[in-house]
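Okay, structure first, notes after.
The values are calculated or read from the model by the stated rules, or taken from the named source; none is laboratory data. Fair warning: this is a prediction, and the values are worked out from it, not measured in the lab. Every residue, glycine among them, receives a Cβ derived from its backbone with ideal geometry; neighbour counts consider all protein chains shown.
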Amino acid sequence: MPDASLVLGIETSCDETGVALARIHDDRTELLVDAVASSVDEHARFGGIIPEIASRAHLEAMVPTIQRALAEADVDLGQVGAVAVTAGPGLVGPLTVGAAAAKALAVGLGVPLHGVNHVIGHAAVDELVHGLFPERVMALVVSGGHSSLLLVDDVATDVTELGHTLDDAAGEAFDKVGRLLGLPYPGGPHIDRLAREGDPEAIRFPRGLTAAKDQARHADDFSFSGLKTAVARWVEARQDAGQEIPLHDVAASFAAAVADVLTAKTIAACRRHEVDTLVIGGGFSANSQLRELAAQRCAEAGITVRIPPIRYCTDNGAMIAALGAAVVRRGLPASPLDLAVDSSMPLTQVTV
Ligand code: KG4
Ligand code: ZN
């Protein structure tokens, strides 16, 4: 018999096949299991995600990952009461594999299907860790594909996108700088590691969209491509002069610039909207320079900062089960079974 409080979440927007089960309680959402299969190694030699390879990998991993999740949670498939799936944004092919699997399950089990927004899932996953959100929270979602500032009045029904990156996402900028420094893909974690042993004040790199003239139109937007170019220029000039590149200091100064801009703008938005809780999610929230600076500046500003453990920050099924649970908890209608995935699903749209 389906149990209405048991939500299965499926995530396939990029290169991880994520399947999770969450249980809705009156006062919290409990994560029962979070199973992930990744095709990241298959993309490494191309220096970026190849959608076709990711789609095939999802197709191969889907059923085994669902079976593994059910076995680990000791749940029978027939007990699942609702199926939530990433409807977008993301890569069309990978999204389609997940949506097809979710539709098949929903039809076969005779339970509701809920197509949900991946980026909002990156914020919602924190409800599994630190409890249900208070009335109003600010969410900074930073990953390889997104850098977005969201005002969350209700995670299932009322999300406002205050700003986003005008060019590169934070993780993308790290990956590009990683490439120019000769680091393996994805470069983000390598720069983080190098930066921990460098001097963040060694080189003063530019802080995009922080000038007074940008406040009117782009107070809550980000831009990292100018910073990336500045790092490239600095490195080239050194190389042309036959000098060695101080990798640790370049990494530390670059990482400091990104963390400075992200935290300064986010805290300013919290003040402007009188929000005292900040949730940080997305793969880039694993970044130690961002975590440290956010903790320090939020403490100074009297803002409670909630960042889930790193395994819930990268793409996974838990974030989709968490958002699906929030949707079910509010009794919202199911998505149609002919739901189409949307590679550029707007961030104001939580559900389909
Ligand atoms: O959310 P995610 O797993 O996938 C996307 O939806 O993009 O984020 C992955 C991104 C990559 O760009 C990766 O380099 C970056 O997050 N990243 C990091 C760190 N860990 C992951 N960037 C900087 N420091 C890290 N520790
Ligand atoms: Zn993501």
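The table below gives the values:
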read-out: Unique match (being in contact with a Pro (Cβ under 8 Å, 6 or more places away or on another chain), modelled with pLDDT of 95 or more and either buried (at least 22 other Cβ atoms within 10 Å of the Cβ) or among the aliphatic types (A, V, I, L, M) (or both)) among 256, 268, 156; value: 256
read-out: Flag for residue 199 being assigned by TED's automatic domain parsing to the domain that holds residue 281, within 11 Å of ligand 1 (Cβ to nearest atom) and out of contact with any strand residue (DSSP E or B) (no Cβ under 8 Å at 6 or more places or on another chain); value: no
read-out: Some residue of segment 137-160 being part of a loop (DSSP other than H, G, I, E, B), more than 16 Å from ligand 2 (Cβ to nearest atom), of a type in the set (D, E, K, R) and not assigned by TED's automatic domain parsing to the domain that holds residue 44; value: no
read-out: Scan of segment 66-93 for residues that are assigned to a helix (DSSP H, G or I) and surrounded by fewer than 23 Cβ atoms within 10 Å (Cβ to Cβ), ordered by number; value: 66, 67, 68, 70, 71, 72, 73, 77, 78, 79, 92, 93
read-out: Looking only at segment 10-57, and only at residues there that are in a loop (DSSP other than H, G, I, E, B), in contact with a strand residue (DSSP E or B) (Cβ under 9 Å, 6 or more places away or on another chain) and within 16 Å of ligand 2 (Cβ to nearest atom), the one that is farthest from residue 146 (Cα to Cα); value: 39
read-out: Cβ pairs under 6 Å, 6+ apart, first in segment 16-43 and surrounded by 23 or more Cβ atoms within 10 Å (Cβ to Cβ), second among the hydroxyl-bearing types (Ser, Thr, Tyr); value: 16/38; 17/65; 19/65; 22/29; 35/65
read-out: Unmet criterion (only one of (1) of a type outside the set (D, E, K, R); (2) closer than 22 Å to residue 23 by Cβ; (3) within 15 Å of ligand 1 (Cβ to nearest atom)) for residue 112; value: (3)
read-out: So residue 121, is it within 13 Å of ligand 1 (Cβ to nearest atom), touching a residue at least 12 places away in the same chain (Cβ under 8 Å) and buried (at least 17 other Cβ atoms within 10 Å of the Cβ); value: yes
read-out: Check on residue 262, more than 30 Å from residue 211 (Cα to Cα), modelled with pLDDT of 95 or more and in contact with a helix residue (DSSP H, G or I) (Cβ under 7 Å, 6 or more places away or on another chain); value: no
read-out: In segment 156-167, the residues that are in contact with an Asp or Glu (Cβ under 9 Å, 6 or more places away or on another chain) and closer than 11 Å to residue 223 by Cβ; value: 163, 164, 165, 166
read-out: Candidate set from segment 312-327 (those that are assigned to a helix (DSSP H, G or I) and within 13 Å of ligand 2 (Cβ to nearest atom)); member that is nearest to residue 171 (Cα to Cα); value: 313
read-out: Residue in segment 275-287 that is within 18 Å of residue 159 (Cα to Cα) and either among the small types (Gly, Ala, Ser) or loosely packed, with under 14 Cβ neighbours inside 10 Å (or both) present; value: yes
read-out: Residue list for segment 169-194, restricted to those being away from ligand 2 (no atom under 16 Å from the Cβ), within 22 Å of the chain's Cα centre (by Cα) and in a helix (DSSP H, G or I); value: 176, 177, 178, 179, 190, 191, 192, 193
read-out: Single condition residue 144 does not satisfy, out of (1) modelled with pLDDT of 95 or more; (2) buried (at least 21 other Cβ atoms within 10 Å of the Cβ); (3) not aromatic (Phe, Trp, Tyr); value: (1)
